[in-house]
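Accompanying notes for the structure given below.
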Amino acid sequence: MSTERMEEFNSERSRLNEIVMSYAGRDLKRLYHIDDAVYKDGALPAKTKEMLGYVASLVLRCDDCITYHLGKLHEMGTTSEEFEEATVIGYVVGGSITVPHMRRAFDLWDELQKAQ
């Protein structure tokens, strides 16, 4: 699954998280823990939760978040059809302002698919 872009993204994300955690008090650590915990299997499967995170990230136009969720979705075996349907929901909810983010999402998805 790994591509150079995903490896660089994950490496930089880890590096920055280490810095944040070196300063983090109880409240920030709790927030980080919640962020990890909510994406685990529950009443909704983890894959569905990652899809929700991806769609929300697309609507909010957060490229880092989109990249993170696409990496997770690819690891979870999401099909290109599932990815495309989720993307359409984000586009319909977020409007045309999401198009540049959607383009980059498809570019990364294509790269991940070709790296299999």
| query | Identify, please: which residue in the range 58-71 is surrounded by 18 or more Cβ atoms within 10 Å (Cβ to Cβ) and out of contact with any Leu (no Cβ under 8 Å at 6 or more places or on another chain) and is, among those, farthest from Ala105 (Cα to Cα)? | reply | Val59
| task | List every residue pair whose Cβ atoms lie under 7 Å apart, where the two residues are 6 or more positions apart in sequence or sit on different chains, the first residue falls within the range 23-42 and is at pLDDT 95 or above, and the second residue, located anywhere, is in a helix (DSSP H, G or I) and surrounded by 12 or more Cβ atoms within 10 Å (Cβ to Cβ). | result | Val38/Lys49; Tyr39/Ala46; Tyr39/Lys49; Tyr39/Glu50; Tyr39/Gly53; Lys40/Ala46
| Meets criteria (out of contact with any helix residue (DSSP H, G or I) (no Cβ under 8 Å at 6 or more places or on another chain) and either more than 22 Å from Ala105 (Cβ to Cβ) or part of a helix (DSSP H, G or I) (or both)) for Val55 | no
| request: Check Arg26 against each of (1) more than 19 Å from Gln113 (Cβ to Cβ); (2) surrounded by 12 or more Cβ atoms within 10 Å (Cβ to Cβ) and name the one condition it does not meet. | output: (2)
| said: If I filter the range 74-83 for residues that are surrounded by fewer than 14 Cβ atoms within 10 Å (Cβ to Cβ) and over 14 Å from Glu50 (Cα atoms), do I get at least one hit? | reply: yes
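The values are calculated or read from the model by the stated rules, or taken from the named source; none is laboratory data. Note that this is a predicted model, so its numbers are computed, not measured. Virtual Cβ from ideal backbone geometry, glycine too; neighbours counted across all protein chains shown.
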